[in-house]
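The structure under discussion appears below in the form of structure tokens.
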Amino acid sequence: MGTTATQPADAPAPTRRRPGLTSRHLHFIALGSAIGTGLFYGSAGAIQAAGPSVLLVYLLGGAVVYFMLRALGEMAVRMPIPGSFAEYTRRFLSPWAGYLTGWMFAFEMLIVCLADLTAIAIYMRFWFPDTAQWLWVALTLLIVGAANLASVRWFGELEFAFTIVKVGAVIAMIAGGAAILAFGLGDPSTPTGLENLTADGGFLPHGPGGMISAFILVLFAFGGTEIIGVAGTEAEDPARAVPKAVNTVPVRILLFYVLAIGVILLITPWPQITGEQSPFVQIFDTLGVNWAAALLNVVVITAALSAINADLFGAGRVVAGMARQRLAPAALSRTVRGVPVVTTLAMLGVLVVGVVLNWALPERVFTIVASLATFATVFVWLMILLAQVASRRGMSRAERDALQFPVPLWPYGQVFAIVFILFTFGIMAWQSQYHTALAVGVGFVAVMSAVYLATGRHRLPAAD
């Protein structure tokens, strides 16, 4: 089924666009990809499902992300080519797998964008509770559309600025939470401290089932981290920039997820984290620090804007790469100043659906798109892991020993990540609230497979 016999790993790479991202840009894109709507807003749903045990879920999900990114990093350093993991799955699994992975990633990014657009509309209720959600969605589309049609370098600078704001806010929140705990600040009627981890039903208030059900929202929070592989093809020195970006993942997960959520749980009893607003905003709002709540609301809006901007960037590059391989309409490969303009405009057009959904289903749209985004996310991760495993099978011992950025704990880490992802699909089949997302995801696979066959893409020779 693999294609390595006819397309060796050391085959000349296709002509690359002139890179526009420095190591600094890639590092901050990697850093920012872990900090978005899933942390600032989606964490509320995960906390409600699992209670304090959500901390373990973030650790497990973080481990899966790390092994997936190391697999992607190994391939990206070895072959920094346009198309990233869509091209890797095409080479090492099959043309069909590459076609499906590329379109599923584009689908994932669009769905995640819908979630982030919805989150921005919800955040704006803090100041404008009576304004319709869809108006904010439409305004956001205009902003991110303009940003994504700029040059690659401008995209990197914008993400750099967004990430500084997000990282600074999380660190400030952790420091402020530590001060509240240490000096007893805030409302004395609100319980704080370690007892919050065992009160209100204990560490597992809803039992193992509640903890398992939180996996979907937690994995949604990590969705988009694979953009490191896409951005790496635009880097000036992928062999140096990609490993540095990927290796920061464990620290990011511990600091920005486990520690931040831990502080939230220590300051606020978990039943009070309702999801009506970001848990980060709710902390300071509840404690009466109104200016901090308003400031954090600006930050979470910035985080969502950053995520949409990065998701459109990643999806545009992957689809444009597929178009160059004749796996998408040729017009989608057209670039201006390194920007795939036609692809970006097409995706912005699709995102107008977000305006309609926020008009028709303002209360349910976030949950629907978050679960659907999780299906698409873990599907792409699974294909990345399987492609890396297949790439290893095609190597000689000398080639394996010569790898510049090999995955750690081979093959046990990869087996763990693959089994965990398959378990996640099982959760979606088990719990009825995810049946719609599962059906849509499986339907998308079936439709795109039918398109692949009907358009004769399976008969096209490689365009390397």
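With respect to the conditions (1) modelled with pLDDT of 80 or more; (2) surrounded by fewer than 18 Cβ atoms within 10 Å (Cβ to Cβ), residue 140 lacks only one, and its number is (2). Is it the case that some residue within region 450-463 is modelled with pLDDT of 90 or more and either out of contact with any Asp or Glu (no Cβ under 7 Å at 6 or more places or on another chain) or among the aromatic types (Phe, Trp, Tyr) (or both)? Yes, there is a match, as at least one residue in region 450-463 is modelled with pLDDT of 90 or more and either out of contact with any Asp or Glu (no Cβ under 7 Å at 6 or more places or on another chain) or among the aromatic types (Phe, Trp, Tyr) (or both). The listed residues are 225, 190, and the only one of them that is hydroxyl-bearing (Ser, Thr, Tyr) and under 20 Å from residue 73 (Cα atoms) turns out to be 225. If you go through region 191-225 and keep only what is of a type in the set (Val, Ile, Thr) and either part of a helix (DSSP H, G or I) or farther than 30 Å from residue 106 by Cα (or both), you end up with 192, 198, 212, 216, 218. Among the residues here, residue 123 does not qualify as under 19 Å from residue 347 (Cα atoms), in a helix (DSSP H, G or I) and over 19 Å from the mean Cα position of the chain (by Cα). Checking each residue of region 113-126 against the condition of being more than 24 Å from residue 445 (Cβ to Cβ) and free of Cβ contacts under 8 Å to residues at least 12 places away in the same chain gives no match.
Selection within region 66-93: residues that are surrounded by fewer than 24 Cβ atoms within 10 Å (Cβ to Cβ) and either among the aliphatic types (A, V, I, L, M) or at positive phi (or both). The member of this set that is modelled with the lowest pLDDT is 81. The residues on offer are 139, 181, and the sole one that is part of a helix (DSSP H, G or I), over 22 Å from the mean Cα position of the chain (by Cα) and free of Cβ contacts under 8 Å to residues at least 24 places away in the same chain is 139. Pairs linking a residue in region 434-448 that is under 14 Å from residue 103 (Cα atoms) to a residue that is polar (S, T, N, Q), with Cβ atoms under 6 Å and 6 or more positions apart or on different chains, do not occur.
Can you confirm whether residue 385 is surrounded by fewer than 20 Cβ atoms within 10 Å (Cβ to Cβ) and under 19 Å from the mean Cα position of the chain (by Cα)? So residue 385 does not fit the description; no. A single entry from 231, 221 fulfils the requirement of being at pLDDT below 85, within 20 Å of residue 427 (Cβ to Cβ) and of a type outside the set (Lys, Arg): 221.
Residues are listed down the side, and each one gets a yes or a no for (1) closer than 15 Å to residue 115 by Cα; (2) out of contact with any helix residue (DSSP H, G or I) (no Cβ under 7 Å at 6 or more places or on another chain); (3) in a helix (DSSP H, G or I):
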| position | (1), (2), (3) |
| --- | --- |
| 302 | yes, no, yes |
| 318 | no, no, yes |
| 322 | no, no, yes |
| 326 | no, yes, no |
| 332 | no, no, yes |
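In region 363-375, the residues that are over 18 Å from residue 423 (Cβ atoms) and at pLDDT below 80 form Cβ pairs under 8 Å with partners that are of a type in the set (S, T, N, Q) and assigned to a helix (DSSP H, G or I), at six or more places apart or across chains, as follows: 365/118; 365/358; 366/118; 367/433; 368/436; 369/118. The single residue among 157, 108 that is assigned to a helix (DSSP H, G or I), out of contact with any helix residue (DSSP H, G or I) (no Cβ under 7 Å at 6 or more places or on another chain) and among the charged types (D, E, K, R) turns out to be 157.
The values are calculated or read from the model by the stated rules, or taken from the named source; none is laboratory data. These figures come from a predicted structure and were not determined experimentally. Cβ sites come from the backbone with ideal geometry, for glycine too, and all protein chains shown count toward neighbours.
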